[in-house]
Ligand SMILES: CC(C)(COP(=O)(O)OP(=O)(O)OC[C@H]1O[C@@H](n2cnc3c(N)ncnc32)[C@H](O)[C@@H]1OP(=O)(O)O)[C@@H](O)C(=O)NCCC(=O)NCCS
């Protein structure tokens, strides 16, 4: 099998939703064994042309810092395996991994084709990718990666208190979860700058095992939002995953817009 010759670490795969409506395939690739194979085993590098197209091989060679190079590679490898499983799920033809080119848009977004949505995230332990037939965003963060001071402006105290109470977690975990949600939504909405976006999304409640309730403050966004750009929370499915050291949030847009949940909550 191709993955044997390239000696890739095993990915974990999961399916969410329904491909007839909103369906997502996620893949998670651990970084430590990839790093080890990358540094110690020439077969990994030799096998990469079976996973990456010529443009991707060129991009890989351009990263000046090895940590970034490895994270980018892990994201691409996770994404290609998610893409293969997603196409299998749809009963569509599954091209060779090197034939599924993932382009990098000028703003950094990954792009496969007009009908496929893709999101990628990495922290120092793993790379994750989500492939879907609907807008999708994924983010993974370590609890200790977020310095409270640097992000205080983007996470309101009320949000941290509400999420810690709803999830039954500590403040550091709550901050990480909120950050992941805002980054995942930002990636899925795919426009504007992150800082005004993160300020505009205000989380009101996030009970354990349920979808969070948030409101969108257009004034905080600094400009008028179109309906498509403002992620109203009743359009989105949100799924979380935890490890001892990190949190992951997957968001994907589904169904027809319903009543505004903020108005419902205020009634
Ligand atoms: C998009 C963004 C949110 C990514 O978050 P991150 O935590 O830096 O990194 P992640 O590992 O989670 O995600 C990186 C991936 O997101 C994707 N990405 C990059 N820009 C993107 C965008 N505009 N929209 C969607 N996805 C994007 C890429 O695939 C990237 O991985 P790759 O370059 O290896 O392909 C980030 O680029 C950003 O804008 N961050 C703002 C941070 C900030 O403003 N901090 C202020 C602190 S006070």
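Inside the range 108-122, residues that are touching a residue at least 40 places away in the same chain (Cβ under 8 Å) and either outside any strand (DSSP E or B) or more than 16 Å from the ligand (Cβ to nearest atom) (or both) make up a count of 1.
Does residue 76 qualify as being near the ligand (Cβ under 10 Å from one of its atoms) and within 18 Å of residue 13 (Cβ to Cβ)? Criteria met by residue 76. Of the numbered conditions (1) more than 9 Å from the ligand (Cβ to nearest atom); (2) free of Cβ contacts under 8 Å to residues at least 40 places away in the same chain; (3) in a strand (DSSP E or B), residue 130 satisfies every one except a single condition; which is it? Condition not satisfied by residue 130: (2). Looking across 115, 124, one residue alone is closer than 30 Å to residue 36 by Cα, in the same structural domain as residue 78 (by TED's automatic domain parsing), surrounded by fewer than 21 Cβ atoms within 10 Å (Cβ to Cβ) and at pLDDT below 95. It is 124. Beta carbons closer than 7 Å, at least 6 apart along the sequence or on distinct chains, pair a first residue in the range 156-173 that is in contact (Cβ under 8 Å) with a residue 60 or more places away in the chain with a second that is surrounded by 13 or more Cβ atoms within 10 Å (Cβ to Cβ) and part of a helix (DSSP H, G or I) for 173/143. The helices (runs of 4 or more DSSP H) found entirely in the range 1-83 that carry 3 or more residues being buried (at least 16 other Cβ atoms within 10 Å of the Cβ) and over 16 Å from the mean Cα position of the chain (by Cα) are 31-40, 54-62.
The values are calculated or read from the model by the stated rules, or taken from the named source; none is laboratory data. None of these values were measured; they are calculated from a predicted model. Ideal geometry is used to build each Cβ from the backbone, glycine not excepted, and the neighbour counts take in all protein chains shown.
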